[in-house]
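The values are calculated or read from the model by the stated rules, or taken from the named source; none is laboratory data. Note that the structure is a prediction, hence the values are computed from the model and not measured. Heads up, the Cβs are rebuilt from the backbone with ideal geometry, glycines too, and the neighbour counts pull from every protein chain shown.
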Amino acid sequence: MLDLMPAPRLIYHEWDDHGTCSGLSPDAYFDEVRKARDKVKIPPANMDVKSALKVSPAEVKESFIKANPGLTELAIAVDCDNRLREVRICLNKQLGFRDCPDVARRSCRRDEIAMPPVRGQ
């Protein structure tokens, strides 16, 4: 899972907080995590960021919606402080996009944030 999650501690955290109540074995749970990640297309412009970019959270959302047919404004949230921390996308149990207004409502409201370079570049 280290190709999807940056640290072993995060992997254990995800299992402890989400996997243990999924009813799945660890292998089956992480297989589903991998399938879910494969469903979400990262916009091409976000795949090869070599140095920090200034972007708006709205631009990030728009680029993900454009790259993922069926994804709506109510199914995505951009998490930030002064920089992009993560993009949260809601999926149903069949791994289709689903609206999650409570998550979307917590999306970053800054005018501009830094998008850091892609890890490992």
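A few notes on this one:
- When Val60 is tested against (1) without any contact (Cβ under 8 Å) to a residue 60 or more places away in the chain; (2) surrounded by fewer than 12 Cβ atoms within 10 Å (Cβ to Cβ), only condition (2) is not met.
- Looking across Asp31, Asp79, one residue alone is of a type in the set (D, E, K, R) and surrounded by fewer than 14 Cβ atoms within 10 Å (Cβ to Cβ). It is Asp31.
- Residue pairs meeting the criteria (Cβ under 8 Å; at least 6 apart or on separate chains; first among the β-branched types (Val, Ile, Thr), in the range 18-37; second part of a helix (DSSP H, G or I)): Val33/Glu14
- The one condition from (1) among the hydrophobic types (A, V, I, L, M, F, W, C); (2) loosely packed, with under 12 Cβ neighbours inside 10 Å; (3) closer than 24 Å to Ile113 by Cα that Val49 does not meet is (2).
- When the range 99-121 is filtered for residues that are surrounded by fewer than 18 Cβ atoms within 10 Å (Cβ to Cβ), of a type in the set (Gly, Ala, Ser) and modelled with pLDDT of 90 or more, only Ala114 remains.
- Among the residues of this structure, Ala52 counts as one that is assigned by TED's automatic domain parsing to the domain that holds Val103, touching a strand residue (DSSP E or B) at 6+ places or on another chain (Cβ under 6 Å) and hydrophobic (A, V, I, L, M, F, W, C).
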